[in-house]
Amino acid sequence: MAIVFVIALPMLLGAVSAGIEYGRLLHRRAQLQTAADAAALAGGNMLKLVNTDDAAVRSAALQVFATQAQTPPDRRSTATAHVTDRRGGVEVAVEETVPSLMGKLLSLPSMTVSVRATAQLMNQLRLCALALDASAKGTLYLEKDAQVTALDCSIYSNSRHGQGVLAGDNATVRAQSICSAGGYEAPKANFTPTPIPQCAPIPDPLKDQVLPTPGSCIMLPSYISPKSATEGKNEIKDVTATLSPGTYCGGLKITGKSQITLNPGIYVIKDGPLVVEKKASLSGSEVGLFFTGDKGGLRFDKDTTVSLAARTSAPMAGLLIAEERTVANPVVAVLDELVPPAPPLPGGTKPLREYRIISDNTRTMLGTIYLPAGRLVIDAKKPVADQSAYTVIVARQINLYEGPNLFLNTNYGATTVPVPEGVGPRVGAITLAK
């Protein structure tokens, strides 16, 4: 028996070694397959975005694979991703050379593991928030329990800064996908899903939209604005009135207990801000607000009520708020000593036009907010835009403070307000084909 055992021992050791190696390979192959599946799905979600090029899709897929696979330093792993014909899906292929623990015994120093995953695209995903600044820290910034709820669409930051997406203090972002052209930092925040870093930037999807040009200045009647004729100030206080479209030079201030309704049309706010303060209200449908000049911007104060819906026809079809694309020297004026200024820009970048929503009753903001040279600041404490069928934001920077819940709904079928081409109403689904 001893002789038989000695003769059989090498074969027994070989069989055990082979079993161990096979188990290791199966385990690593399963890990790689899971990582490849996740990568293909991430690339597919990027592919669903309108205006996303193939480079952005490949970048998103490979970033997710690298994070998920966690390849040990003692082996070589090669991953490739490509977009299939007609942009119908994303394929990820992986090869990894795995060193053998018992290579000398088995005369097999290393083995190669290969996996492949393909995600099939069904249409395209909605883009509902895009921060355009290409270099700033905190281009998309949240703090103090702020929330963004965008369950059926994608949130994107173009900043290549390592903290282009920055969040803390229990901030929460929920979306179909979240992507940063640079990196993200969220030490005390909750992101669902985890942001994808190093995505290729998305070009401004609204850069070809035709914007209004200012006309002759409107002079409000004295019974609506006593200071309009005497001091050239468009200030409305404790008045219930309906305003007509036109160019409001020097801005427009609605204060006291005023209740102002906007007739359908385009309202150009030139060389001054739109301010709704105290307990005033502003409402209107089929309207577009366009801001121009260094002093442009808006502020909706805490106790105000604002309900606005965009136009269904040109000009500014689907654009609720828009601004001139360039600004030379923006001025953020101290409009009310009782209202502290917004927190400074997280990245300390040059000033931008400021559009600030402090109001706790801005439930309807139906349409697209387009601020290519502006900063959208939301520091309300209650939901914003939650009663809108849809809201899309394309802004230079997007900052949320104090704890609002910004809803970016995508119920396009519930309204006749169109979505501007480029951010698109098309829905998407992505599934693993193999």
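The values are calculated or read from the model by the stated rules, or taken from the named source; none is laboratory data. Being a predicted model, the structure only gives us computed values, none of them experimental. Glycine also receives a Cβ, built like all others from the backbone with ideal geometry; neighbour counts cover every protein chain displayed.
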Any hit, region 187-201, residues being assigned to a strand (DSSP E or B), in contact with a Gly (Cβ under 6 Å, 6 or more places away or on another chain) and either surrounded by 16 or more Cβ atoms within 10 Å (Cβ to Cβ) or of a type outside the set (Gly, Ala, Ser) (or both): no
Closer than 28 Å to Pro404 by Cβ, surrounded by 18 or more Cβ atoms within 10 Å (Cβ to Cβ) and in contact with a helix residue (DSSP H, G or I) (Cβ under 7 Å, 6 or more places away or on another chain): is that true of Cys179 in this structure? yes
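Residue-wise test of (1) aromatic (Phe, Trp, Tyr); (2) within 29 Å of the chain's Cα centre (by Cα); (3) modelled with pLDDT of 75 or more; (4) more than 21 Å from Ala181 (Cα to Cα).
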position: Val64; (1), (2), (3), (4): no, yes, yes, no
position: Gln70; (1), (2), (3), (4): no, yes, yes, yes
position: Val90; (1), (2), (3), (4): no, yes, yes, no
position: Val94; (1), (2), (3), (4): no, no, yes, yes
position: Thr97; (1), (2), (3), (4): no, no, yes, yes
position: Leu108; (1), (2), (3), (4): no, no, no, yes
Residues in region 248-267 that are surrounded by fewer than 19 Cβ atoms within 10 Å (Cβ to Cβ) and either hydroxyl-bearing (Ser, Thr, Tyr) or touching a helix residue (DSSP H, G or I) at 6+ places or on another chain (Cβ under 6 Å) (or both): how many? 1
What strands (runs of 3 or more DSSP E) lie completely within region 311-422 and have 1 or more residues being assigned by TED's automatic domain parsing to the domain that holds Gly250 and more than 18 Å from the chain's Cα centre (by Cα)? 319-323, 353-357, 364-378
Qualifying residues in region 233-277 (those that are charged (D, E, K, R) and outside any loop (DSSP other than H, G, I, E, B)) - the one farthest from the chain's Cα centre (by Cα): Lys237
When both residues are 6+ apart or on different chains and their Cβ atoms are under 6 Å apart, which pairs have a first residue that lies in region 267-294 and is more than 15 Å from Gly367 (Cα to Cα), and a second that is basic (Lys, Arg) and in a strand (DSSP E or B)? Val275/Lys253; Val275/Arg299; Thr292/Lys270; Gly293/Lys270
Matching residues in region 50-75 - criterion: being of a type in the set (A, V, I, L, M), more than 10 Å from Ala39 (Cβ to Cβ), touching a Leu at 6+ places or on another chain (Cβ under 9 Å) and outside any loop (DSSP other than H, G, I, E, B): Ala56, Val57
Taking interchain pairs and intrachain pairs at least six residues apart, which have beta carbon atoms under 8 angstrom, with the first residue in region 242-262 and over 18 Å from Glu277 (Cα atoms) and the second of a type in the set (Lys, Arg)? Thr247/Lys270; Cys249/Lys270
